[in-house]
Amino acid sequence: MFKGLVYQRYLMRETLSAILLVLLAFVALFGFFDFVEELRGVGRGRYDVVVAVSTVVFSLPGLVYELIPVASLIGTLYALATLARHSEITVLRASGLATGQLLTTLYRVAAVLALATFLIGEILVPVADRLGQEVKAEAMNKSFAQQGFLSGIWVKDGRNFINIRNAVSESYLEDVRIYSFDEDNALRSVIEARTASFAERKGWLMSDVMKTTLTGEQASVERVASDVWQSSINPDLLSVLMVAPERMSLYDLFSYTRHLSDNRQNTERYEIAIWKKIIYPLASLVMVTLALPFGYSHDRVGGVSLKIFGGVMLGIAFYALNGLFSNLGVINAWPPVASAAAPAALFLLAAGLLIWWVERR
């Protein structure tokens, strides 16, 4: 048992060290590319180098979240290939180490990474992305929300369609229009407000309000200095528009999906995002499984470099398939769980076939 604990700790230490090293290298590389991209905006409004650096820093948790599975694959490949190159894997197998035992050891490392991925995606990414968007929007004098059209943000609330031309923050809006329809889908009224600010227990306090009411073929216009707009739309709901669905927390995803469902709007994109948030952290387990067969080979010349290159290609393929199946799921109305799980399932199947093939040799 003592020997078992020694080799397990050794393998876990070597594998985790390699994964963290690869992750650090990838984050630094992609962070540098993002910084170069952000430099293009320097000089617009108050957007300077400090804001560019801040934007990149706030994007780092998202990079870590996305790159952990890829780093798990490449880092595990490197660790196992290095051990195989020094014949350490061969010695362990000759000592009675079974494939299942080696895989269990790797799964312990992957479980730690899966937990870290989930926590980063739930806690750090939504907050960091939102802060990054706010800093960038404020410096460039733009609306805070990512999503929307040239005409602004559109939100449905029951029989009302709300158009927000400029969302200064999630609780302060400018140029708001509320289109109200009756049960026959006929336009009943249009309310225009210069500003709307949210107050707890009161709702939205609108200023410089003009209300146009349609009755048959007649229309009446009323102007008031201020009015109160009661709506299920609140700052928490608007704030989710600052973050892409894949970067939201599960709580925000469930809340916004429920809102869309209550208003009979399409929820497929957000349902897929919910399942991806649940399944994506488990990708680390799939990646270490995929890396295991390569650890059984013992190429001494160019083997490590070739495997690292193969790992990079597989990582890129997984990243591309992950985004591809999400888009295909929305376009073809596939079941959300299938769209989210398909890439990981395909890679897990490939890993199982490779392990079977290596064991039969």
Residue among 194, 247 that is assigned by TED's automatic domain parsing to the domain that holds residue 160 and surrounded by 12 or more Cβ atoms within 10 Å (Cβ to Cβ): 194
Residues that are more than 25 Å from residue 253 (Cβ to Cβ) and touching an Asp or Glu at 6+ places or on another chain (Cβ under 8 Å), drawn from the stretch 91-132: 99
Matching helices (runs of 4 or more DSSP H) fully within the stretch 75-170 where at least 3 residues are more than 24 Å from the chain's Cα centre (by Cα) and either in the same structural domain as residue 184 (by TED's automatic domain parsing) or at pLDDT below 80 (or both): 88-94
Residues being within 28 Å of residue 239 (Cβ to Cβ) and of a type in the set (Val, Ile, Thr) - total across the stretch 177-228: 6
So residue 40, is it more than 27 Å from residue 315 (Cα to Cα), of a type in the set (Lys, Arg) and free of Cβ contacts under 8 Å to residues at least 12 places away in the same chain: yes
Qualifying positions in the stretch 171-190 - closer than 15 Å to residue 227 by Cα and among the hydrophobic types (A, V, I, L, M, F, W, C): 173, 176, 178, 190
Filtered residues of the stretch 250-299 (kept if basic (Lys, Arg) and out of contact with any helix residue (DSSP H, G or I) (no Cβ under 6 Å at 6 or more places or on another chain)): 258, 264
Residue match in the stretch 32-41 (condition: part of a helix (DSSP H, G or I), at pLDDT 90 or above and of a type in the set (A, V, I, L, M)): yes
Flag if residue 181 is farther than 30 Å from residue 323 by Cα, hydrophobic (A, V, I, L, M, F, W, C) and surrounded by 16 or more Cβ atoms within 10 Å (Cβ to Cβ): no
Unique match (being surrounded by fewer than 19 Cβ atoms within 10 Å (Cβ to Cβ) and β-branched (Val, Ile, Thr)) among 112, 176, 155: 112
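The values are calculated or read from the model by the stated rules, or taken from the named source; none is laboratory data. Everything numeric in this text was worked out from a predicted model, so none of it was measured. Here Cβ is always computed from backbone atoms with ideal geometry, including for glycine, and neighbour counts include all displayed protein chains.
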